[in-house]
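K.L.:
Sharing a structure here in structure tokens format.
The values are calculated or read from the model by the stated rules, or taken from the named source; none is laboratory data. What you see is a predicted model, and the numbers here were worked out from it, not measured in a lab. So basically every Cβ, Gly included, is an ideal-geometry build from the backbone, and we count neighbours across all protein chains shown. Note: areas computed on protein heavy atoms with side chains; ligands, DNA, RNA excluded. Shrake-Rupley method; radii C 1.70, N 1.55, O 1.52, S 1.80 Å.
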Amino acid sequence: MVDRRTVLRALVSGAAALGVLGAPGCSTRFAGVRLAIATGGTQGVYYNLGNALADVWQERLGLDARPAVLSTAGSVDNLGRLAERSADVAFSQVDTAADQLEHIPDGDPRSPRALTRIYDDVVHVVVPASSTVQTLGDLRGARVSVGAPDSGVLVIAERLLEVAGLSPDTDFETVQLGINESVEAMSGGEIDAFFWVGGLPTQGVTALSQRMAIRLLNLEDLVTPVRTAYPVYAVGTVPARSYGIPEPITTLLVRNFLVVRAEMPDDVANALVEGLFAAQEHLAAVSPAALTIDLRAAIGTQPVPLHPGAERFFRAEKDP
């Protein structure tokens, strides 16, 4: 199973911040704010949207410096960085954020709080189009990437494999690669399949599909048992023609949040959420996944509480 020690070490760490929020400057009340955004691999949606948000927030908040955009292993890594104060805003899947909440004492200022629900991640199990693999069970004996260490991908891959009755230690040759490395390894014939959990479409998977014909495994047979064991996941569909696949496939969805620490000042959190929704058209131009960011669904961050500054924004939108 995923080693949670990275997150747990972060929760007890008193390390100095790389992105500590500074005092307000002269030109605007947010001028002196310093932010670092923990995203994911450079070919994933987290990274692309993180860069777009950095531009938006610098302009709309009048920041002196563009927020730093950190390429990371993904959700588990991001939450660890958030807790140790080396990041101020983190992209995270709901399952890993919920796991972290279980390990944080009540009242800890580093406790995660959601700014907003954004888009839903899609579970991808990618194989070459010529592969004989049709289900997870067919992966026995294959070379499979199950996601990078400290990634949300690894958390979900392990859960799906457990429900399917497969062991990464004994049933196939396991490697732990991020999206960038998985794409290169499959392109080079070094792996037979890889797990990825990201927005649709994911740049790296799209790039791979332009180099070689690929398929996504249909997870229809696992949807009910996985959701029984882990109700946090939802059923979803990848449409035909996505990545060149000929037919739609059934898969699982996981909610994505932007997460900050409870100690973030309310006015900063409020301004970040306001800036995001004001610039949604720009974000969608960067990644189509942003088209699904919905103001009405944005408060659906349970079990992660909304930050009070975010709550203020959504109340104002509901009752102008």
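K.L.:
Take the alpha carbon gyration tensor of the stretch 23-161, find the square roots of its eigenvalues, order them as a ≥ b ≥ c, and report rounded if a/c is under 1.5; if not, report prolate when a/b exceeds b/c, else oblate.
P.N.:
prolate
K.L.:
Label points 7 Å out from Cα along the Cβ direction at Leu295 and Ser71: separation in nm?
P.N.:
Result: 3.6 nm between the two label points.
K.L.:
What percentage of the solvent-accessible surface of the chain, computed with a 1.4 Å probe over protein heavy atoms, is contributed by carbon and sulfur atoms?
P.N.:
51 percent
K.L.:
Within the chain, which whole H helices from DSSP have a Cα span along their axis of at least 20 Å and a mean Kyte-Doolittle hydropathy of -1.0 or more, if any?
P.N.:
Sorted by number, the helices that extend far enough and score high enough are 45-61.
K.L.:
What fraction of the Cα pairs in the chain, stated in percent, has a spacing above 25 angstrom?
P.N.:
For the chain, the share of Cα pairs beyond 25 Å comes to 48 percent.
K.L.:
Same structure, new question: Using a 1.4 angstrom probe on the protein heavy atoms only, could you order Arg110, Arg85, Arg143, Arg296 from most to least accessible area?
P.N.:
Largest to smallest exposure gives the sequence Arg296, Arg143, Arg85, Arg110.
K.L.:
Top to bottom by accessible area (1.4 Å), largest first, where do His307, His282 land?
P.N.:
His282, His307
K.L.:
Still on this structure, I have one more. Would you look at the GNM of the chain, springs on alpha carbons closer than 10 Å, and say which of Val146, Val33, Val259 moves the most?
P.N.:
Taking springs between Cα atoms under 10 Å, the residue moving most is Val33.
K.L.:
Here is a further query. If I take every Cα pair under 8 Å that is 6 or more residues apart in the stretch 47-138, average their sequence separation and divide by the length, what percent do I get for the relative contact order?
P.N.:
Computed value for the stretch 47-138: 16 percent relative contact order.
K.L.:
Could I ask something else about it? Treat every Asp and Glu Cβ in the chain as -1 and every Lys and Arg Cβ as +1, leave all other atoms uncharged, and give the resulting dipole magnitude about the Cα centre to the nearest 20 debye.
P.N.:
520 debye
K.L.:
Below 8 Å, C-alpha to C-alpha, sequence gap of six or more: please give me the relative contact order for the stretch 73-114 in percent.
P.N.:
Result for the stretch 73-114 is 38 percent.
K.L.:
Moving to a separate point now. Accessible surface of Trp196 in the full protein assembly, 1.4 angstrom probe, to the nearest 10 Å²?
P.N.:
About 30 Å², rounded to the nearest 10.
K.L.:
Using 0.36 nm per residue of separation minus the Cα-Cα distance, give me the extension gain between Ala278 and Glu162 in nm, one decimal.
P.N.:
37.6 nm
K.L.:
Could you tell me the relative contact order of the stretch 178-318? Use alpha-carbon pairs under 8 Å, at least six residues apart, and round to a whole percent.
P.N.:
19 percent
K.L.:
Charges only on Cβ, +1 for Lys and Arg, -1 for Asp and Glu: so what's the dipole of the stretch 107-182 about the Cα centre, in debye to the nearest 20?
P.N.:
240 debye
K.L.:
Starting from the Cα-Cα distance between Ser130 and Arg211, subtract it from 0.36 nm times their residue separation and give me the gain in nm to one decimal.
P.N.:
27.8 nm
K.L.:
What does the C-alpha gyration tensor say about the overall shape of the stretch 120-278? Classify as rounded when a/c is under 1.5, otherwise prolate if a/b is larger than b/c, or oblate.
P.N.:
It comes out prolate by the Cα gyration axes.
K.L.:
Considering only protein heavy atoms, what is the solvent-accessible area of Asp138 at a probe of 1.4 Å, reported in Å² to the nearest 10?
P.N.:
That residue has around 70 Å² of solvent-accessible surface.
K.L.:
Rg and Dmax in Å for the stretch 217-307, alpha carbons only: what are they?
P.N.:
16.6, 49
K.L.:
Of Ala284, Ala97, Ala83, which has the largest mean-square fluctuation in a 10 Å C-alpha GNM of the chain?
P.N.:
Checking each option, the largest mean-square fluctuation is seen for Ala284.
K.L.:
Leaving out ligands, DNA and RNA but keeping every protein chain, what accessible area does Leu295 have, in Å² rounded to the nearest 10, with a 1.4 Å probe?
P.N.:
The accessible area comes out at roughly 70 Å².
K.L.:
Still on this structure: Rounded to the nearest Å, what's the spacing between the alpha carbon centres of the stretch 56-116 and the stretch 226-257? Just the number, please.
P.N.:
Here the two parts' Cα centres lie 25 Å apart.
K.L.:
Related question: Counting heavy atoms of the protein chains only and a 1.4 Å probe, report the per residue accessible area for the chain as a whole number of Å².
P.N.:
41 Å²
K.L.:
What GluC sites (Glu not before Pro) does the stretch 256-313 have in DSSP loop regions with at most 15 other beta carbons within 10 Å?
P.N.:
Taking the stretch 256-313 and a limit of 15 other Cβ atoms within 10 Å, the loop GluC sites (Glu not before Pro) found are Glu263.
K.L.:
Using a Gaussian network model of the chain whose springs link C-alpha atoms within less than 10 Å, name the residue from Glu102, Glu220, Glu162 with the highest mean-square fluctuation.
P.N.:
With Cα springs under 10 Å in the chain, the top fluctuation among Glu102, Glu220, Glu162 is at Glu102.
K.L.:
Under a plain spin-label model, where a point goes 7 Å from the Cα along Cα-to-Cβ, how far apart in nm are Glu184 and Asp221?
P.N.:
Those two pseudo-labels are separated by 3.4 nm.
K.L.:
Whenever you get a sec, line up Asp266, Asp64, Asp88 from highest to lowest accessible area (probe 1.4 Å, protein heavy atoms).
P.N.:
If we order Asp266, Asp64, Asp88 from most to least accessible, we get Asp64, Asp266, Asp88.
K.L.:
Another one. Round to the nearest 0.05 the FRET efficiency obtained for Arg140 and Leu101 when R0 = 30 Å and r is the Cβ-Cβ distance.
P.N.:
Efficiency for this residue pair is about 0.25.
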